[in-house]
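Here the structure comes first, spelled out in structure tokens, and everything after it is commentary.
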There are 2 protein chains.
Amino acid sequence: MSRAGRALLGASRIADLEAAGLRRSLVAFSAPPSTRLQPPHQPNPNNLSRRLSLRHTPRLVNSSRTFATTADKMGRLNINNINPHVRAAEYAVRGELAVKSEELRAQLSKGDTGLPFDHVISANIGNPQQLDQKPITFFRQVLSLLENPQLLDKEDVLINGLGYKTDVIERAKFLLKHCGSVGAYSASSGVYAIKESIAKFLERRDGFPADPSKIYLSAGASSGVNTLLHILAESPKSGVLVPIPQYPLYTATLSVLNATCVPYYLDEHKAWGTDLEAIRSSHEKAKSEGVDVRCIVIINPGNPTGASLSEADVRAVIDFASQEQLVIMADEVYQTNVFIGQFHSFKGVLRKMQQENPGKYDDVELASLHSVSKGMVGECGHRGGYFELVGFDAEVEAAIYKFVSIMLCAPVIGQCLVELMVNPPQPGDPSFELYDKEYNGIANGLRERANALHKAFEQMEGVECGEPQGSMYLFPTITLPQKAKDAAAAEGRKPDEFYCMRLLEATGVCVVPGSGFGQKEGTLHFRTTFLAPGTEWVSRITKFHQEFMDKYR
Amino acid sequence: MSRAGRALLGASRIADLEAAGLRRSLVAFSAPPSTRLQPPHQPNPNNLSRRLSLRHTPRLVNSSRTFATTADKMGRLNINNINPHVRAAEYAVRGELAVKSEELRAQLSKGDTGLPFDHVISANIGNPQQLDQKPITFFRQVLSLLENPQLLDKEDVLINGLGYKTDVIERAKFLLKHCGSVGAYSASSGVYAIKESIAKFLERRDGFPADPSKIYLSAGASSGVNTLLHILAESPKSGVLVPIPQYPLYTATLSVLNATCVPYYLDEHKAWGTDLEAIRSSHEKAKSEGVDVRCIVIINPGNPTGASLSEADVRAVIDFASQEQLVIMADEVYQTNVFIGQFHSFKGVLRKMQQENPGKYDDVELASLHSVSKGMVGECGHRGGYFELVGFDAEVEAAIYKFVSIMLCAPVIGQCLVELMVNPPQPGDPSFELYDKEYNGIANGLRERANALHKAFEQMEGVECGEPQGSMYLFPTITLPQKAKDAAAAEGRKPDEFYCMRLLEATGVCVVPGSGFGQKEGTLHFRTTFLAPGTEWVSRITKFHQEFMDKYR
């Protein structure tokens, strides 16, 4: 609300009305024409949400004024004069449904018994430790010593009183030797010894050497994606090929950067694999429209789709990127969440192709990202991750280094957790047996829950869902009756949003509508994690679904 | 280097040459004219560094080609086609001198005895725990339990074996109750109970209520600054008043955002206080040039200056910001590092002014930032911080919430450390005595070292330095002989850069030249922390200085 509007009504009265959600009507009542001498904002119709466009009040330029204020006082920060690219960004994973689910959780914790469920299930976000997943003991024991190195003066208490094994103590000493203190900034790209551990892990994983100086620690993979997209975005014409459906970090960041998202559809009929013809045609179309396409994003295993790419698919993407001189951004944060077949890293496949075809793929530019957030580690609250660069120009690397320097460094305790993830206890180590048991227990639990959920979906009317392959998600297709679509339209919602909102209200289960990730016109989906323990919540979904279908049939 | 250039020379030979630092000459030899059909990049002459401009090879458009490649193959990512705003950003704190100091440290650790010093002193960066500052025991004991909650099953061992007090255990339980696990994502703006603790701290500090829902946890204050500047930057004309000298986070981020930095000079003759006339005239000048000035940044206590503002100074800035409808961004990360007088928070002073002048300052928009990185906490590696918003429009707050959601949440263990900082043990609590002793020990040590360093500067020829007032830095003026300036020019360096480079090479002491922060034309400074223990390193500086002055007199 404008300063003038406030003066007229009195601030405390306005605060009351705002608290009561009556803000918009107040604006309609009192908003004086803006006198800011700037052209009105032109929102990008492609990625501005319905909600935001409803909110925008038109900006009037140089028109007569109702209230006596000076022009500069009208400049107060408001939704119409902030960064239009931030305004336009959408991020559904933490959007309206997530906010609503938190409200319901708060209602329940205040003792509200009027809801048809007694707890909220956050199946909207891959947050393993919010649900059933326990942290791995070895990791957390080491971290406890890093946080309180004074404990290392009492080794006998650690070992005999607390059951810490000697390898826990050794690893803590190793990390402290190289970090100094986890409370000190590290080098901008991370602690060098940790980068060496990552390089050794990559060598074991891929069978090819890795260079620690090309590895950058980051605050989760998200921060790495943010860095790389910042570097790539030369102008609004700079384009990035992004899979649809996709994790909305990509479209949101490209929106903030005012660069161009070039969507390409994944093939639902091929278990959500990459479809090279679809990639090629999106690329050609974008180029013909003057877009300077410079990068292709691949999420493997897929989010939200759960797909796990074959080696042939990976090869095809690398070959295409090489031909078209595209940077490959391989988001591989789910690399250990694979249920069918095995994970094929872009780095490993690229090195093989380079070996098989000397010279042919030497110029391929690849950034591959990983994180402690997912997999059996599941430590997303620690914000640890890294990316490895292959084939990047040295001056571009220097610019990346400078960019990460501005934010100083990734959280150091998160860096240490990356070290533990890539260098876990080995057979024969004192902590191995427990580590192995915990790790496999989590892996098996995820597989079982994925299969149980998949089985439930198979039996639901109008729901189709491929076999679980990888990551932490299922992304079923839902076919809704026309009456449900009409009811959604009457509420001003997309049909999948409408379905997910009703599901949340009826069951307390929060999932994300497919429209938050992108989906082919005319198709509807939702994404659910399979992290929540037990099967009771699954039966809540099937029961709701049957009632929903009956109601709108 | 272009793909074609690589093909001509052979990749392995190029790698050798690049490793030998011969990259630039290779580019000069082989670079084919670019065929990218875009206008050449026009760097902003105001913030493009000398070094980078030397590196830029001109981009030729549509000219004839020497090598047979297709146009799109020339698009490989290089320094000339990355994001020009990232390229233009400068960040001196971790620039050339810092890199050189790390090289020297590596030389020493490899046993090199040919250097005139046996260890490097990193006085270039406020990194307390890299140097002498020990973490506070209470904080780290709690964090160790958060990282390994299994320890809470063995309270007797904790208490009798490890000396943990009961308040440590209680606090860990409180935080775990509200976080769930520190390995889980929190709400995007932080754990609500932690925001409540911060609000109570602000109430105690300022004597006025604070609203937890207006508090956003961030990954250090830097991430908060990044968020707020993102929101403010509507267009390249959006301007932010930034003090000069300043912490280069501000100019670097504005550069990345392609927004306008409106510098205003601090008054060295008034102990680097704010000079309202200087602010006003910078503001007027920018407005007259069409800049849409929307924010004023204040760093109090000052970085790099060490200034601590009087209440009158804070009042004057608030009054000015109110008149000109500017958002106030108060960077108050050094609020506990005050040696002279006391800290006056912008929030507290604003609330007083609102109380004294009903209605007059109700529309002031203030964002104040704090962090666990500095002060007696000194936990910068944990990347914890927060900002509080006052007077912001609800829709703007929603945009801020959405923006921070894209990066998911601040590191949860860092959020817990914020809680500990704002809610430390109180008199009567079991951990209070040790906490108090450690806290005061650090505070006194900083004060003593600041005074010792100041005393040394006072005795150095051509060096002037005000009494230490606050933060972790001194920022002396240096007056160098003309011969030194000529020698600097011959090396293509600014005189203060030249001085700092010679200081590093002769003594191993790394400081940052004033030009990295901005300084008035014709003046020279450097910034040094006073974190390093002992006085031996100070005498290294005085000895070097005398020899430098003698050499160039």
Per DSSP H run of at least 4 residues, take -39500 (n - 2.57); add these up for the protein assembly as shown, divide by its residues and hand me the 222 nm value, nearest 500 deg cm²/dmol.
-> -13500 deg cm²/dmol
Taking Cα atoms only, helix A:276-288 is inclined relative to the longest principal axis of chain A by an angle, in degrees rounded to 10, of 50 degrees
Radius 14 Å from Cβ of B:Y386, net charge of other residues (Lys, Arg +1; Asp, Glu -1) | 0
Which order do A:K347, A:K237 take by accessible area at a 1.4 Å probe, largest first?
-> A:K237, A:K347
May I ask for the distance between the Cα centers of segment A:249-289 and segment B:522-552, given as a whole number of Å?
-> 56 Å
Toy charge model, Lys and Arg Cβ at +1, Asp and Glu Cβ at -1: segment A:374-529 dipole around Cα centroid in debye, rounded to 20, equals 560 debye
Highest first, please rank the peptides B:387-399, B:474-486 by the mean number of other Cβ atoms sitting within 10 Å of their residues.
-> B:387-399, B:474-486
Protein heavy-atom accessible area occluded, B/A pair - total, 1.4 Å probe, Å² | 9000 Å²
In terms of modelled amide H atoms, which long-range or inter-chain residues lie less than 5 Å from the amide H of B:V512?
-> B:R527
Please give the direction-averaged projected area of the C-alpha convex hull for chain A, in square nanometres with one decimal.
-> 29.9 nm²
Suppose every K and R has +1 on its Cβ and every D and E has -1 on its Cβ; what is the size of the dipole of chain A about the Cα centre, in Debye to the nearest 20?
-> 2300 debye
Residue-averaged beta-carbon neighbours from other chains (10 angstrom radius) around A:116-129 = 2
How do the peptides A:161-170, B:203-212 rank, highest first, by the average count of neighbouring beta carbon atoms within 10 Å per residue?
-> A:161-170, B:203-212
Just how large is the dipole of the protein assembly as shown about the Cα centre, in debye to the nearest 20, putting +1 at every Lys and Arg Cβ and -1 at every Asp and Glu Cβ?
-> 2000 debye
Backbone HN-Hα couplings from phi across segment A:101-117 [Karplus 6.51/-1.76/1.60, Hz, Gly and Pro as x] = 5, 5, 4, 5, 4, 5, 4, 5, 6, 8, x, 4, 10, x, 8, x, 8
Which pairs, out of B:K173/B:K200; B:K195/B:K347; A:K494/B:K214; A:K352/A:K520; B:K165/B:K347, put more than 25 Å between their alpha-carbon atoms?
-> A:K494/B:K214; A:K352/A:K520; B:K165/B:K347
Which is farthest toward the positive dipole end of segment A:213-333 among A:S310, A:P236, A:Y250, measuring Cα position about the Cα centre, with Cβ charges +1 (Lys, Arg) and -1 (Asp, Glu)?
-> A:P236
Quick one: which residues, 5+ away or cross-chain, put their amide H under 5 Å from the amide H of B:D292? H built at 1.01 Å from N.
-> B:S238, B:G239
To the nearest 10 degrees, how steep is helix B:412-422 against the longest Cα principal axis of chain B, on a 0 to 90 scale?
-> 60 degrees
For segment B:218-407, share of DSSP beta bridges that run antiparallel, in % to the nearest 5 = 30 percent
What do you get for Rg/Rh of the protein assembly as shown when both radii come from the Cα atoms and Rh is the Kirkwood radius?
-> 0.95
Take the solvent-accessible surface of the protein heavy atoms, probe 1.4 Å, and return the percent of it on segment A:187-422 that carbon and sulfur atoms account for.
-> 53 percent
Any idea what angle helix B:311-324 forms with the longest principal axis of chain B, computed on alpha-carbon atoms, 0 to 90 degrees, nearest 10?
-> 70 degrees
May I ask you to derive the relative contact order of chain B, considering only C-alpha pairs under 8 Å and at least 6 residues apart, and to give it as an integer percent?
-> 18 percent
Whole-Hz ³J(HN,Hα) from phi, Karplus 6.51 cos²θ - 1.76 cosθ + 1.60, for segment A:506-520, glycine and proline x | 7, 10, x, 8, 9, 10, 10, x, x, 4, x, 10, x, 7, 4
Please compute the net charge surrounding A:S181, taking Lys and Arg as +1 and Asp and Glu as -1 over other residues with Cβ under 14 Å from its Cβ.
-> +2
Apply the Karplus parameterisation 6.51 cos²θ - 1.76 cosθ + 1.60, with θ equal to phi minus 60°, to every residue of segment B:405-411 and state each ³J(HN,Hα) to the nearest whole Hz, in sequence, with x for glycine and proline.
-> 4, 4, 8, 6, 6, 5, x
Let me know the mean shielding of A:144-154 by other chains, meaning the per-residue number of their Cβ atoms within 10 Å of its Cβ.
-> 6
Using a cut-off of 10 Å between beta-carbons, work out the net charge of the residues near A:P212 (Lys and Arg +1, Asp and Glu -1, A:P212 not included).
-> 0
Averaged over peptide B:395-402, how many Cβ atoms belonging to another chain are found within 10 Å of each residue's Cβ?
-> 6
For A:V262, other-chain or 5+-apart residues with amide H closer than 5 Å (H placed, Pro excluded) are A:V240, A:L241, A:V242
For the protein assembly as shown, what is the accessible area per residue in Å² when the probe is 1.4 Å?
-> 38 Å²
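The values are calculated or read from the model by the stated rules, or taken from the named source; none is laboratory data. It should be emphasised that the depicted structure is a prediction, and the values quoted were computed from it without experimental measurement. For neighbour counting, all protein chains shown are included, and Cβ atoms are generated from backbone atoms with ideal geometry for every residue, glycine included. Note: accessible area is taken over every heavy atom of the protein model, side chains too, but ligands, DNA and RNA are not part of it. Shrake-Rupley method; radii C 1.70, N 1.55, O 1.52, S 1.80 Å.
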